[in-house]
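First the structure, in the form of C-alpha cells, and then the observations on it.
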Amino acid sequence: MTARIALHGSTVHKVFVSDPPSANALTPLGSLEELVERDRDHDCAGFGVHQVCVKIDAVADLPTRFGRFRIVAFWNNRDGKEHVALVHGDVLGQSDVLTRLHSECLTGDALGSLRCDCRDQLGVALARLAREPRGILLYLRQEGRGIGLLNKIRAYSLQDGGLDTVDANLALGFRDDERDYGVAAHMLASLTVRSVRLLTNNPKKVEELVRHGIGVTSRVPHVIPANEYNRFYLETKAHRSGHFIDFEGKPHTPEQDDPVVVEAVEGDLLGGR
Ligand SMILES: [Zn+2]
Ligand SMILES: [Zn+2]
C-alpha cells in the first residue's frame, strides 16, 4: 500500500492505494472483456515519475488497413490522457509478445507530415504485428516526445531557423526527450503480458520498461528509410539521442543489414523511395 495525497476543496486527504500491478502477480484471464470487469475498481500508486495509474475501460474490434486488431481503451484519473492498445491475437498471460510503443504524433500520424518518420513507423509496425501470431501496439498520448503539440510546433519553428531537434527542445526549456514509459509499463502489466520483444531503435525504451519491471527478451530493429525532409531529424536521433540508426560516419550496427520492410504503407507517399 502506498499513500497518495489527494485534494478535495481545501482539505488534504491521504489516500491509500495499492502498489502497481505486476503481470506475474495478476491472475491470467480468458478475454480482454474480463479485464474491463477486473479493472472496474482498480486504483494504484502507478509507475514512473508521474505515477499515472491506468485501467482498462473498454474493448472493441478494430479492423485496420494493416490487419485485424482489437482496440483496448485505458482510462486514468491522473492526467486525463486516453491511451490505447491495439492488440493482435491472444496476448493475455503470454511471453515474448512483439510490442511497439508508439508516441502520438498528430502532424505525422494523421496529417502526413514528412518532418518526422512517425506515420511510416506506425504503419510498418502495425503491418508487422498483424503478421505475428500475437502483437501489441501501445498508442501513447505523449505528443512531441512528451512536450505537447503546441511546444512541438514552437520547436519546428526554431528548427526552421537552423536548430536541430535536440537544441530546439533545449531552447524551449525541455530535455531532449520528456517521455515517461511508466504508463506503457502499467498498460502491459494490465494486459498481463509477461515479457515482450520490443520493436524499436531506441535503447532508452528497453531500459525504461525493464526498470519498471517488464521483461524485455529482445530488441527487434525498426528501421525506416529517411526522406529528404526528415533525414536531418533522423541523423540527429542517431548521433545525439543514441538511436540505433545507421548513417554515413556512424559505426554500422549489424542489424542495419536487415532488409527494411515498408511495403505495407499505403502507396509510396514519399515518391520512389
Ligand atoms: Zn494502477
Ligand atoms: Zn512525428
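Scoring D109 on the criteria (1) more than 28 Å from A226 (Cβ to Cβ); (2) surrounded by fewer than 22 Cβ atoms within 10 Å (Cβ to Cβ) leaves a single failure, condition (1). Hey, does region 137-148 have a residue that's at pLDDT 90 or above, in contact with a strand residue (DSSP E or B) (Cβ under 8 Å, 6 or more places away or on another chain) and closer than 18 Å to L234 by Cα? No, that holds for no residue.
Scanning region 179-214 for residues that are closer than 15 Å to L137 by Cα and charged (D, E, K, R) yields R197, K205.
Which of the helices (runs of 4 or more DSSP H) contained wholly in region 103-221 include at least 1 residues that are within 12 Å of ligand 2 (Cβ to nearest atom)? Helices (runs of 4 or more DSSP H) meeting the threshold: 118-131, 143-146, 149-160, 165-171. Residues that are buried (at least 16 other Cβ atoms within 10 Å of the Cβ), of a type outside the set (S, T, Y), modelled with pLDDT under 95 and within 20 Å of V206 (Cα to Cα) occur in region 51-61; there is at least one.
Could you go through region 112-125 and let me know if any residue there is under 28 Å from G213 (Cα atoms) and surrounded by fewer than 19 Cβ atoms within 10 Å (Cβ to Cβ). Checking region 112-125: not a single residue is under 28 Å from G213 (Cα atoms) and surrounded by fewer than 19 Cβ atoms within 10 Å (Cβ to Cβ). Condition test on G173, is it small (G, A, S), at pLDDT below 85 and either within 24 Å of H239 (Cα to Cα) or touching a helix residue (DSSP H, G or I) at 6+ places or on another chain (Cβ under 6 Å) (or both)? It is true that G173 is small (G, A, S), at pLDDT below 85 and either within 24 Å of H239 (Cα to Cα) or touching a helix residue (DSSP H, G or I) at 6+ places or on another chain (Cβ under 6 Å) (or both). For region 143-186, filtering for residues that are among the acidic types (D, E) and either within 20 Å of E207 (Cβ to Cβ) or within 16 Å of ligand 1 (Cβ to nearest atom) (or both) leaves 4. Is it fair to say F69 is modelled with pLDDT of 95 or more, within 11 Å of ligand 1 (Cβ to nearest atom), among the aromatic types (F, W, Y) and within 20 Å of the chain's Cα centre (by Cα)? No: the conditions fail for F69. Would you call D167 free of Cβ contacts under 8 Å to residues at least 12 places away in the same chain and surrounded by 16 or more Cβ atoms within 10 Å (Cβ to Cβ)? Against the criterion (free of Cβ contacts under 8 Å to residues at least 12 places away in the same chain and surrounded by 16 or more Cβ atoms within 10 Å (Cβ to Cβ)), D167 qualifies. Residues in region 64-90 that are in contact with a Cys (Cβ under 9 Å, 6 or more places away or on another chain) and over 15 Å from A184 (Cα atoms): N77 only.
Take the conditions (1) surrounded by fewer than 17 Cβ atoms within 10 Å (Cβ to Cβ); (2) at pLDDT 90 or above; (3) of a type in the set (G, A, S); A85 misses just one of them, which is (1). For V91, the test of being buried (at least 23 other Cβ atoms within 10 Å of the Cβ), away from ligand 1 (no atom under 16 Å from the Cβ) and part of a loop (DSSP other than H, G, I, E, B) is passed.
The values are calculated or read from the model by the stated rules, or taken from the named source; none is laboratory data. Because the structure is predicted, anything quoted here is derived from the model rather than measured. For neighbour counting, all protein chains shown are included, and Cβ atoms are generated from backbone atoms with ideal geometry for every residue, glycine included.
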